[in-house]
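A short worksheet on the structure shown next.
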Amino acid sequence: MRQRRDVARLIAMMGCIVAGVFAASCDRAPQPVAPEAASSGTPTRFSDAAAADSIYIDDEVVPDSVKQAALLSTALTTALSRSSSSLSASQRALVGAADGGYDVFAVPFAPEAAPTANAGPTCDDCVMHGVPLGFTFAYWGNSYQNVEIGSNGFVGFGKSGADFVKNGCCGGGAIPSATTTTGTPNIIALAWTDWNPTLGGTITYETRGVAPNREFVVQYTGIREYQTVGTLTAQLVLSEGGDITMYTMSQGSTSHLVTQGIQNHDGTDAVFWPGRVAAQYSLANDAIRFSAQALAMTVPADLSASAAAGRCSASVDPGIATANHSASISSIRSDALALGDAYPVGSTAITWTATDAAPVPTSVSGVQHVAVTDDEAPTIAANANVAVTAGSAGGASLTLTAPAASDNCAGVTVSGTRSDGAALDALYPVGSTTVIWTATDASGHTASSGQFVVVKSADVAAPVLVLPGSMTVNATMPSGAAVSYNASATDNVGVTSFGCAPVSGSTFAIGTTSVACNAADAAGNTASGAFSVRVLGAPDQIVNLIEYIRGTPLTDAQKTQLISVLQKALLTNSSGVCSSIAKLIALVQMIPVRSLPADKAAHIIADLTRISAVIGCS
C-alpha cells in the first residue's frame, strides 16, 4: 500500500474550490505506478500482453479534506447548474458502431449470477491491476487480455506509463476527455464516482463460459458512497465478442456526480446514455449495452407454397426475423392481415422492422415475399344437348346458356366455341353443331365440356328432277357413242346432292342404257328418276339410211342401185362390206346435183362414213 498525504496539495485544491472549478491542474499528485511502468507518451494503438506478473493493488489514500472538497465542488456545481449532465434527450453516441465506434441501447434486465470466484479491491480509492480477462477483448479497435478494476465504479485498460489507470477520485468526470482523474482515458465507467468499499459491500469478478462466447463479469454489490447515503449494486459484463453490458440493480441518489459510459484510448470519443455523464441520477433494474456492431437484422428467406385444395390461400409459417441489439421485431403484411393468417394466391410482402431501444431508436427494415400458386383447375358442368327445328332456310336462332363453372379462386370465366367457327349467337345450320365450353381460372388453368346442337329442317318436299326424255343416238364407233345430256334438280330449300349414272359424256354401248339420277336436300328429302339412251348400231343405221334414200329425188334406178348395195351390207358381215360402202360413197359423189341436191348427198355420205366406222372399217 502506498500512502501520500500532501498538505500543500490540499491547500491548492481548496483554492480551486473557491474559484468554483475543479480543473485538471487541481488534481492530486500523480499515482505511483506499477514496478514495470516505464513507458511515456500515449500510443495510438495499444495491445497488452498476457500478464507476466501477479495481480496487485495500487492504493492511494486520499485525505478526507480533498474528498470533502470534491463533494463541496459537486454541490456548488449542481447549485449553479454547471454540471455536464445537461445533455439533450436526443443526444446520440459521438461515434456510432457504423463509424467504427459503438451503439448504446437498452436491453432486457437479465443480469448474470453474481460472481464469487475472485474478490476485487476492498480499499477506498484504489485500483486492482493486471486482472486477467481469460480471453482477448477488443475495445475501440485495441486488443486486451488484462483489465484494471477500480473501486470507484469503473474498469480500465493499462497498468504502465501513460496508460496507467488511476483511482478516479473523487467523482464522475465528463467524457470524452483526454484529461481525467482515472489517468488514462481508456476506461469503461459502470458508475464512476466516489465509492468506498471499506464502508461495506463487495467487489467480485470471474471469467465464465467457453470460447468463443466467454464473458468477464465484475459486480459491485452494496458498495456505499463516501460519507453520504448513496449505494451501488451493479454488474459489468464484457463479452468475448466485444459487447459491453451494464446491469444496474440499484443505484441510489448520490451527493457526488456519477458517470456511466465508455471512451476510447485517447479520450477523443465516448459513447453514453444521455443524462448519465457527470450527473446525479438514480437507477433501478436498468440494463444498457454498448456494441461495436451496428443494428442489423436477418429477414427469413422468401417462401413459396401451393394453395390448399379447395382454397385460394395457403397456411404458411413465414418464420421470424432476428436482430442484434436486443431489438424489438415487428412485421406488417402488404395485405394488412395478421402474420399468422392464410396467405392468398399471389405474392404477399412482409416488411420486417427491427428497432432498438437506443436514446433515439434506430430501425432497420427488410422485406420477405411469400408466393402462393394456384395449381387447381376449375370444374365445369355439362350442358344438355339441344334439338330444334329450323325456323328458316338458314337454320335455327338459339341463345345458349353457358354451363356453371367453379374454382377454388374467384375470377373463373366461361367461353364457348362452335365447331363451324361461327359466333355463338349466329344461326345454327340444319344438322349437328358441336359447342365446346371452356372454363378458365385466374391462373390460366382450364376445364372443358361439350354440347351438341341438332337442327332439323322444316322442309318436307323432295327435290324435283329435271331429266331429258329417252334419247336415241347413232353409234360412232364399234363400242357405241359418247353421249352428253342435260339433267338437274331443284328444291324449295336447296339441293345438297345430285348425280346421274352413267354420267353425261360417257361412252354408251350399242343398244339401250338406262340412266339413273338421284337428288337430296338439306332436310334429307330425296328424289330419283331415270331416262334411257338407245345407241343405234350399223344395221339400224343402214335401215334408217335406206329409208332416207327412198325419200330423195333420185330416180328409181339410182335408188334401187344404192339400196341394193346397202341391203347386201345389212345381210353380211364379210370384209367386202367395207369395200361396198366405200364404192357407194364414190357413187354418191358422182351423182349430179340436178339429180341429188348437195345437202342430201352430204347426209348420205356422212351416214355411210359413220356406218363404216361402226363396222370398223379402216
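Based on the alpha-carbon gyration tensor of the stretch 471-618 and its eigenvalue square roots a ≥ b ≥ c, which shape applies: rounded if a/c is under 1.5, prolate if not and a/b is larger than b/c, or oblate? Can you show the working numbers first?
Working: a/c = 3.81, a/b = 2.59, b/c = 1.47.
Prolate shape, in that a/c is at least 1.5 and a/b is the bigger ratio.
Calculate what fraction, in whole %, of the accessible area of the stretch 140-296 sits on carbon and sulfur atoms when a 1.4 Å probe is rolled over the protein chains.
Carbon and sulfur: 48 percent of the exposed surface of the stretch 140-296.
In nm, to one decimal, how far is the Thr490 label point from the Thr476 one, both placed 7 Å along Cα→Cβ?
3.1 nm
Work from the charge dipole of the chain (Cβ charges, +1 for Lys and Arg, -1 for Asp and Glu, about the Cα centre) and give the residue of Ser595, Gln368, Tyr102 farthest towards its positive end.
The listed residue farthest towards the positive side: Ser595.
What's the lysine pair count for the chain at a Cα cut-off below 17 Å, pairs eight or more apart or interchain?
Within the chain, the lysine pair count is 5.
So if I average 1/r over every pair of distinct C-alpha atoms in the stretch 268-362 and take the inverse, what Kirkwood radius in Å does that give?
16.7 Å
What does the charge count around Thr245 come to, taking other residues whose C-beta lies under 12 Å from its C-beta (Lys +1, Arg +1, Asp -1, Glu -1)?
So the environment of Thr245 carries a net charge of -3.
Considering the Cα positions of the stretch 101-183, please state its Rg to one decimal place and its Dmax as a whole number of Å.
14.1, 39
What residue among Ser313, Val277, Thr513 has its Cα farthest toward the positive end of the dipole of the chain, where the charges are +1 on Lys, Arg and -1 on Asp, Glu, each on the Cβ?
Going by the Cα projections, it comes out as Thr513.
Quick one: net charge of Ala296's neighbours, Cβ under 13 Å, K/R +1, D/E -1? It would help to have the intermediate numbers written out before the result.
Details: positive: none; negative: Asp103, Asp356.
Result for the neighbourhood of Ala296: -2.
Can you tell me the dipole magnitude for the chain around its Cα centre, using point charges on the Cβ only (Lys, Arg +1; Asp, Glu -1), in Debye to the nearest 20?
Charge dipole of the chain: 2840 debye, to the nearest 20.
Rounded to a whole number, what % of the accessible area of the stretch 462-618 do carbon and sulfur atoms account for, probe 1.4 Å?
C and S fraction of accessible area: 54 percent.
Divide the volume of the convex hull of the Cα atoms of the stretch 273-329 by its number of residues and quote the answer in cubic angstrom per residue.
131 Å³
What Kirkwood Rh does the chain have if only Cα atoms enter the pairwise 1/r average? Answer in Å.
Final number for the Kirkwood radius of the chain is 36.2 Å.
Set the Förster radius R0 to 30 Å, insert the Cβ-Cβ distance between Thr413 and Ala336 as r into 1/(1 + (r/R0)^6), and round the FRET efficiency to 0.05.
Step by step, r from the Cβ atoms, then E = 0.60.
Please give the peptides 131-144, 150-163 ranked by average Cβ packing (other Cβ atoms within 10 Å per residue), highest first, as a rough proxy for protection. If you can, show how the numbers build up before the last one.
Numbers: 131-144: 18.0, 150-163: 24.7.
Going from most to least packed, we get 150-163, 131-144.
Return the tail of the calculated pair distribution for the stretch 346-411, meaning the percent of Cα-Cα pairs more than 13 Å apart.
80 percent
Using the heavy atoms of the protein chains alone and a 1.4 angstrom probe, what is the accessible area of the chain per residue in square angstrom?
Details: 27690 Å² over 618 residues.
So the chain comes to 45 Å² accessible per residue, rounded to a whole number.
With a Förster radius of 41 Å, plug the Cβ-Cβ distance of Ala296 and Ser54 into 1/(1 + (r/R0)^6) and report the FRET value to the nearest 0.05. Please report the intermediate quantities before stating the final value.
On the way: r = 41 Å, r/R0 = 1.01.
The computed FRET efficiency comes out at 0.50.
Counting only C-alpha contacts under 8 Å and six or more residues apart, can you give the relative contact order of the stretch 260-407 as a whole percent?
20 percent
Can you give me the pair-distance distribution of the stretch 291-411, C-alpha pairs, 5 Å bins, whole percents?
Whole-percent P(r) values from 0 Å outward: 2, 10, 14, 13, 10, 9, 7, 6, 6, 5, 4, 4, 3, 2, 2, 1, 1, 1, 0.
Determine the order of Arg224, Arg333 by accessible area, beginning with the largest, at a probe radius of 1.4 Å.
Working: Arg224 105, Arg333 10 Å².
So, going from the largest accessible area down, we get Arg224, Arg333.
What FRET efficiency do you get for Ser315 and Ala110 if R0 is 30 Å and r is their Cβ-Cβ distance, rounded to the nearest 0.05?
Calculated transfer efficiency: 0.30.
Does the stretch 409-507 classify as rounded, prolate or oblate by the C-alpha gyration tensor (a ≥ b ≥ c root eigenvalues; a/c under 1.5 gives rounded; else a/b over b/c gives prolate, otherwise oblate)?
Prolate, because a/c is 1.5 or more and a/b exceeds b/c.
What order, most packed first, do the peptides 265-276, 293-304 have when packing is the mean number of other Cβ atoms within 10 Å of each residue?
Going by the mean number of other Cβ atoms within 10 Å, highest first, we get 265-276, 293-304.
Over all pairs of distinct alpha carbons, what does the Kirkwood formula give as the hydrodynamic radius of the stretch 168-302, in Å?
It works out to 15.8 Å.
On average, how much area does the Cα convex hull of the stretch 505-546 cover when viewed from any direction, in nm²?
4.0 nm²
Does a label point 7 Å from the Cα of Ser497, set along Cα-to-beta-carbon, have any residues of the stretch 441-476 with amide nitrogen under 17 Å, and which are they?
457, 462-465
The values are calculated or read from the model by the stated rules, or taken from the named source; none is laboratory data. If you're wondering where the values come from, they're calculated on a predicted model, not measured in any experiment. Here the Cβ is made from the backbone with ideal geometry for all residues, glycine too, and neighbour counts use every protein chain on show. For the accessible areas, the whole protein counts, side chains as well, though only heavy atoms, and no ligand, DNA or RNA atoms are used. Shrake-Rupley method; radii C 1.70, N 1.55, O 1.52, S 1.80 Å.
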